[in-house]
Each structure stands twice: as C-alpha cells, then as structure tokens.
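The values are calculated or read from the model by the stated rules, or taken from the named source; none is laboratory data. If you're wondering where the values come from, they're calculated on a predicted model, not measured in any experiment. Ideal geometry is used to build each Cβ from the backbone, glycine not excepted, and the neighbour counts take in all protein chains shown. Side chains included, ligands, DNA and RNA excluded: accessible areas come from the protein's heavy atoms. Shrake-Rupley method; radii C 1.70, N 1.55, O 1.52, S 1.80 Å.
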Amino acid sequence: MLNPNIETQTTWNFKGDNYRFSLHFYADDPESIMLTCLEVNQDSQRQGIGTQIMDYAENFARYRGFKRIFLKIWTIKRNTWLHQWYLKQGYVFHEEDMFDIWLRKDI
C-alpha cells in the first residue's frame with residue numbers, strides 16, 4: 001500500500017478554464033510522483049484535453065527525474081469508462097484496498 005508522508009510533500013497545481021489537476025511528490029519515494037484531482041469540465045470532454053494533460057504530466061515528471069506516476073480511482077469506478085481510459089493511457093494495476101485501486105505507469 002502506498003503510504004505517502006504528507007510532511008515531506010511538494011505539490012504542483014495546474015488549472016485552466018476547462019481543467020485542473022495536481023502532481024504530488026513525497027520525499028520518502030524520490031522516484032515516484034502521484035497524479036490527483038484530474039478533472040476536465042463536462043462541456044470540454046472528448047476533445048483530447050485529458051490525453052494532453054496526461055502527456056504534460058508525464059513529461060513534467062520525466063524532466064524532473066521521476067521514474068513512475070501513480071494514480072488511484074475508487075473501487076466503485078472499476079470497469080467504468082474512466083478506468084478503461086487510464087488503462088488505454090498505459091497505466092497498469094498496482095494494488096487495491098477496500099476503497100481504492102492504485103494504478104501505475106513507468107515513464
């Protein structure tokens with residue numbers, strides 16, 4: 001189970017007119033970054049913005065020397081379009097607990 005130490009966290013927040021997302025780095029795992037709060041406004045979905053965000057996040061992380069990106073989805077979202085979309089983006093199953101499914105992508 002991922003157990004980030006919030007006391008050693010660095011966060012980068014990104015926001016536009018039709019999207020937002022955050023990237024978090026925890027000093028206790030210097031090779032990993034976590035993508036959270038990815039949202040694209042409903043009116044702007046299906047226009048490639050999510051894919052552009054994923055590309056940006058991966059390039060941002062790669063440039064800073066990270067080796068992998070983690071994200072999580074609620075277990076109730078299993079096999080929904082969102083879960084399938086993350087898999088299509090190259091994320092793979094990492095682990096699962098009672099509430100969340102953790103996905104990982106090596107970059």
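Quick look at the values:
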{"read-out": "The stretch 48-107, residues that are small (Gly, Ala, Ser) and over 16 Å from Ser32 (Cβ atoms)", "value": "Gly48, Gly50"}
{"read-out": "Breaking point among (1) of a type in the set (A, V, I, L, M, F, W, C); (2) in a loop (DSSP other than H, G, I, E, B); (3) surrounded by fewer than 15 Cβ atoms within 10 Å (Cβ to Cβ), for Trp85", "value": "(2)"}
{"read-out": "Complete set of residues in the stretch 30-48 that are β-branched (Val, Ile, Thr) and at pLDDT 85 or above", "value": "Ile33"}
{"read-out": "Qualifying residue in the stretch 73-86 (condition: out of contact with any strand residue (DSSP E or B) (no Cβ under 6 Å at 6 or more places or on another chain), at pLDDT 85 or above and closer than 23 Å to Asp17 by Cα)", "value": "yes"}
{"read-out": "Some residue of the stretch 6-17 being surrounded by 13 or more Cβ atoms within 10 Å (Cβ to Cβ) and at pLDDT 80 or above", "value": "no"}
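Conditions tested, residue by residue: (1) touching a residue at least 40 places away in the same chain (Cβ under 8 Å); (2) open to solvent by 70 Å² or more (accessible area, probe 1.4 Å); (3) of a type outside the set (Lys, Arg).
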site	(1), (2), (3)
Phe25	yes, no, yes
Glu39	no, yes, yes
Arg46	no, yes, no
Ile53	no, no, yes
Asn59	no, yes, yes
Lys77	no, yes, no
Gln89	no, no, yes
Trp102	yes, no, yes
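Conditions tested, residue by residue: (1) assigned to a strand (DSSP E or B); (2) modelled with pLDDT under 85.
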{"residue": "Pro4", "(1), (2)": "no, yes"}
{"residue": "His24", "(1), (2)": "yes, yes"}
{"residue": "Asp28", "(1), (2)": "no, yes"}
{"residue": "Gln52", "(1), (2)": "no, no"}
{"residue": "Gly65", "(1), (2)": "no, no"}
